[in-house]
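Below: one structure, written as structure tokens.
Values in this text are rule-based calculations from the coordinates and carry no lab data. No experiment lies behind these values; they were computed from the predicted model shown. We place every Cβ from the backbone using ideal geometry, glycine too, and count neighbours over all the protein chains shown.
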Amino acid sequence: MAREYVFVSDLHIGGDDQLTVFDFETEFVEFLDDLRARGGDVELIINGDAFGFWEYAHVSGTAKLERVIDDHPAVFEALRSTGEVIDVTLIPGNHDYDLACYPSYVDRLAAYNVTLEPVVSITRRVGDARIWIEHGQQHDANNRLPDWGNPEALPVGYFVVQRIVDAAGQYSGRSRGDWLRDIQSVAPMEEVSRWLLSNYFYREMRPLFRAILVPLLLFFNLTLLYLVGTVLEVAGIIPSWFFTDNPVVRALGIGSVVLELVVAINTVAIVVLSLLAIPLWLFGRDLRHTLERFGVVLSGIHVGQGDEPFLTAAREVFETHPDVAVFVYGHTHRASLTRWGDRLVVNTGTWLKKLERVETHFSRLPGVYYPSYRLNTVRIFAEDGQVVVEYEEVQTADPGDLSRFERLVARRPPPPEPIPKRTVIDPDGPLEVPEEVTEPE
């Protein structure tokens, strides 16, 4: 048994077409090389979703792993060489659930010095305590595997990925840029429709059309104010020079003509939309029901969720297994560390690009999905009778994916919640769970 454990998860390597691109292949290979160079009594544990098997629609069975190996030889050579020096262990997640279904994967990965443990959870000794390790999909109603090891028993999340993500892989080559392959980074999946609208507006829309539409949207609120002001002027509540005969606007010259034209167009649009609001709502409702019947959209399925189910699972593990000091999981792609007295719940995050929706400085423009990276690694070891958890982010360059226009109009997202670089607990100390389990701050 190793004396030190290093954790990563949710690499999602593999997929059809452009989805097979692993943005951080260089960083991951360097990370493996560093572990090999350090050596020692260390075990690297990849706790789920190392591979994106669900993202393959035209390859089945064990051929999926062969595709990943063929597409990413540098990664597997790095695993092989690192595995000659330290232990490398892999457990399945939901996206690479096939690993739990075909026994031949054990020998195939062993050829690269990777030990596959095709189970839901594993434990490791750290001093006199234990670490509980799992991916976490069993606590997610939409990704829970109902019959572990049965390749035909698939959760609803699989069909969501196949329907949406596979289509993105097929059509990503037709987009302006490679933004469509980032659909894997959209979380929760309910955000996909707004993400598509955002990218259509900022990337796919013809520049001339956008140049016409943007002023109309920017002045939409001004038009509403103008209409209200006009009504107040007609009612005699405010003087006529306040809006319709404003000397400042007249001083703009040709600019006042353009402004009046924009206001006039928006006024017509507002009147028309007001008249059509109820018929459009009824039409949209009927269209949605029709699409649901044909399976084009999913009804009543909410893929995204908070961390409460996983924290509840951690509390149950701590209460039923008093010697467990640290509960490690992934799956949600949100790295975090929660401390309950002398017990820790650690989410290992993801190596995928993260997309966070932020509002623009102008309320009528679509939100922008701000890209960022947070390549997480976690080390756990015993020291002087205590358990130490160290968190580190692998440094990488800014993605630079946003267009100049997006950078101009988008607000900056708030920085991610900081995670302590080093946390020390006494495994003999108390468990102090709050009365209501909530998401980590």
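Taking a Cβ cut-off of under 10 Å around ILE131, the surrounding Lys, Arg, Asp and Glu residues balance to a net charge of +3, with basic ones at +1 and acidic ones at -1.
Scoring 149-162, 7-20, 78-91 by mean Cβ neighbours within 10 Å over their residues and listing the highest first yields 7-20, 78-91, 149-162.
When TYR5, TYR102 are sorted by how many other C-beta atoms sit within 10 angstrom of their C-beta, beginning with the fewest, the order is TYR102, TYR5. Within the shell of other residues whose beta carbon sits under 10 angstrom from the beta carbon of ARG357, the net charge comes to -2, with Lys and Arg scored +1 and Asp and Glu -1.
Taking Cβ atoms as reference points and 10 Å as the exclusive limit, the residues near ASP87 contribute a net charge of -2, counting Lys and Arg as +1 and Asp and Glu as -1. Can you bin region 373-427 into rounded, prolate or oblate? Criterion: square roots of the alpha carbon gyration tensor eigenvalues sorted a ≥ b ≥ c, rounded for a/c under 1.5, prolate for a/b above b/c, oblate for the rest. Verdict is prolate for region 373-427.
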